[in-house]
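Undergrad: Please read through the structure below; I'll follow up with questions.
The values are calculated or read from the model by the stated rules, or taken from the named source; none is laboratory data. Only a predicted model underlies this, so the values are computations on that prediction, with no experimental measurement involved. Here the Cβ positions follow ideal geometry from the backbone for every residue, glycine too, while neighbour counts run over all protein chains shown. Heads up: the accessible areas ignore ligands, DNA and RNA and are worked out on the full protein's heavy atoms, side chains in. Shrake-Rupley method; radii C 1.70, N 1.55, O 1.52, S 1.80 Å.
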Amino acid sequence: MHGSLFGGQDRASAPTASVKMPRLTSSHSHDERVVAEECPVALVYDGTTVAVLMATPADLTDLAAGFSLTEGIIEDVGEIGELTAVAAPDGIELRIWLRPKAGRLLKERRRRLVGPTGCGLCGIESLREANRGIRPVERQISLTPWQIGMSIETLAAAQILNHTTRATHAAGFFEPGSGDMVVREDVGRHNALDKLAGALAAAGISGRSGAVVLTSRISVEMVQKAAMIGTGLIIAISAPTALAIRTAEASGITLIGVVRGRDFEVFSHPAGIAFAFR
């Protein structure tokens, strides 16, 4: 399921998610290739820029809402009063106006941050923020090995932009028994997951009802963001980092990586998998 679910269509007019660029092949022929676009995207809260991301210019309102949720700026999308995407000379501004209480909390949080420069973790500005406490999750479902393999296959089939460009990550939400999967794509894996978070929130889908499925490695930031979504399962085609495993273990998340068909590796809370022992 593609397309912006939060607040209708994105209001930025350009650029597009992909573009044709000239290339020279190994056989010395000249033609064109469709490649993924990326551009600076500024998240501006109540008139102040909080973070600038390099992102694919698609589903940007989902990105704004999801980033706000997974970074703890808001707890519910209802705390956003107004959200618009505006094309600027050097990129795109996502202008987010918060409800009064959320706006005050963000100002207080920024006053507590240490140091004038960022450490590069999704707009986080201090080591304390980078090592923020993880939200514990309550896992309400379990998946069979067949469903785990199917989740990866379903995500791969739904990667429309990647099928054309071979250059984007994807994050999807797999719900047992559902014939549809909410999917978001981006050149950045964090952005894809934030877009997914925003899409789920806009659609009123609880993270507890399914699993987050990723095309990327599982870093600690991905676990932190998934925990903020509320999901109890993460499935990925690549392996996790050691800190990601420790974080998933502490939060109650079943972490499944290196999925190849029906083969996979479980790194935390195996109770989230319905193994059929004989």
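Undergrad: Here are the criteria: (1) modelled with pLDDT of 95 or more; (2) touching a Gly at 6+ places or on another chain (Cβ under 7 Å). Tell me which single one R23 does not satisfy.
TA: All conditions are met except number (2).
Undergrad: Report every pair of residues separated by at least 6 positions or lying on different chains whose Cβ atoms are under 9 Å apart, first residue within region 265-278 and under 15 Å from P145 (Cα atoms) and modelled with pLDDT of 95 or more, second open to solvent by 90 Å² or more (accessible area, probe 1.4 Å) and of a type in the set (D, E, K, R).
TA: F267/E249; H269/E249
Undergrad: Continuing with the same structure: Just give me the residues in region 234-262 being more than 16 Å from G207 (Cα to Cα), open to solvent by less than 10 Å² (accessible area, probe 1.4 Å) and in contact (Cβ under 8 Å) with a residue 60 or more places away in the chain, in sequence order.
TA: Passing the criteria: I256, V259.
Undergrad: Take the residues in region 196-210 that are touching a helix residue (DSSP H, G or I) at 6+ places or on another chain (Cβ under 6 Å) and under 16 Å from I234 (Cα atoms), then tell me which one is surrounded by the fewest Cβ atoms within 10 Å (Cβ to Cβ).
TA: Going through the qualifying residues, I end up with G207.
Undergrad: Look at R217 and say whether it is open to solvent by 20 Å² or more (accessible area, probe 1.4 Å), touching a helix residue (DSSP H, G or I) at 6+ places or on another chain (Cβ under 9 Å), farther than 15 Å from H190 by Cβ and among the basic types (K, R). Before you say what the answer is, go through the steps one by one.
TA: On the way: open to solvent by 20 Å² or more (accessible area, probe 1.4 Å): yes; touching a helix residue (DSSP H, G or I) at 6+ places or on another chain (Cβ under 9 Å): yes; farther than 15 Å from H190 by Cβ: no; among the basic types (K, R): yes.
Answer is no for this residue.
Undergrad: Looking at E265 and the list (1) assigned to a helix (DSSP H, G or I); (2) open to solvent by 40 Å² or more (accessible area, probe 1.4 Å), which single condition is not satisfied?
TA: Going through (1) assigned to a helix (DSSP H, G or I); (2) open to solvent by 40 Å² or more (accessible area, probe 1.4 Å) one by one, E265 breaks only (1).
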